[in-house]
1. Residue check, SER61 against (1) open to solvent by 60 Å² or more (accessible area, probe 1.4 Å); (2) at pLDDT below 80; (3) of a type in the set (S, T, N, Q), all met but one. Which one?
2. Could you list, in sequence order, all residues of region 129-147 that are open to solvent by 30 Å² or more (accessible area, probe 1.4 Å), modelled with pLDDT of 85 or more and not in a loop (DSSP other than H, G, I, E, B)?
3. Being under 19 Å from GLY85 (Cα atoms) and either charged (D, E, K, R) or crowded, with 21+ Cβ neighbours inside 10 Å (or both) is the filter here, so list the residues in region 148-161 that pass it.
4. How about region 208-253: which of its residues are β-branched (Val, Ile, Thr) and touching a strand residue (DSSP E or B) at 6+ places or on another chain (Cβ under 7 Å)?
5. Working carefully through the options SER219, SER236, SER191, find the one that is part of a loop (DSSP other than H, G, I, E, B) and modelled with pLDDT under 95.
6. So in region 189-212, with the set limited to residues that are without any contact (Cβ under 8 Å) to a residue 12 or more places away in the chain, of a type in the set (D, E, K, R) and open to solvent by 60 Å² or more (accessible area, probe 1.4 Å), which one is nearest to LEU163 (Cα to Cα)?
Amino acid sequence: MEDTTRSNDVQHRRAVQYAFCAYAIRFERVGAGVEGVFDQALTNGLAAIVAARWKGQECNSKGRVESAAKLLKVVETEGVLVRDGVYWLTDNPHIPKPTTSRWDPFEERPPMEVRVTVLREALDVTQAIRHARDTGDETALGLTAAHVEALWELSEHPTLSKLVDDLSDGSEEAGRYAITAADDRERDRASIYLELLSSEELARRGGVDYAAEYSQEFSDVEECPVCGNNSLVLSSRDSEIDEIGVGRCVVCSYERTMDAANDIAASVQFERAVERAD
């Protein structure tokens, strides 16, 4: 019983990671660092699907979850090739592997499709960018709409579909979680960038008067929540209370989106309401 409960918990966490990351990418709630978010969504989504359909093949001999590239190999091996680079999967482990690429229309629903070739291309893009490889002309444009759509199509699997449906239906709690998660990843990305700077460069950047440097008619500067410098150059403010800045830090490169600013503004409004109630 304990092993089953633990397995269910792991599967749920994988589904959560896939759902929130895939949702954030598809509906443009994440900007900088999207390659890492894509990899996170793809690996968790494939691990959940493979574990549900072919339990045990999601991990290597040491019990570690396989990479997204190896999980795609499992799909190729166990799925049915229906056209170039596209494989069918049945979602029920008790149903034998189909022996034909023709779907019986009397079945409850058609097998789900996994666009392996497209997802492998997306991995080539994200890995090159994330690991600072020479991207070359073929990856210069980064992730495409086809890559994002292939990632989103994994949500047709029952292991993932419930959480994705909740997000798509506009669940307020899920939506706010997605926004917060995206902002957390952006802060992590900026923190990593900040660590790459030398102490001399940090001191130089910290000594600049950015308020004077960017004192334009429609610009303002605020303290950055990542590096602590007064260097978050604003392009606008939130649409709720017009107090939370939207912009980018010129020291650590952190970017606060309108969604993130509105989310903070909603929390400020709540705190003020609680204070008034006291």
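1. Exception for SER61: condition (2).
2. ALA145, ALA146
3. GLU149, ALA150, LEU151, GLU153, LEU154, SER155, GLU156, HIS157
4. Result: VAL221, VAL226, VAL233, ILE244, VAL246, VAL250.
5. Answer to the selection: SER219.
6. Looking at residues that are without any contact (Cβ under 8 Å) to a residue 12 or more places away in the chain, of a type in the set (D, E, K, R) and open to solvent by 60 Å² or more (accessible area, probe 1.4 Å), I get GLU195.
The values are calculated or read from the model by the stated rules, or taken from the named source; none is laboratory data. For clarity, every value in this text was computed on a predicted model and none was experimentally measured. All Cβ positions, even for glycine, are placed from backbone atoms using ideal geometry, and neighbour counts span all protein chains on display. Keep in mind that these areas ignore ligands, DNA and RNA; they rest on the heavy atoms of the full protein, side chains included. Shrake-Rupley method; radii C 1.70, N 1.55, O 1.52, S 1.80 Å.
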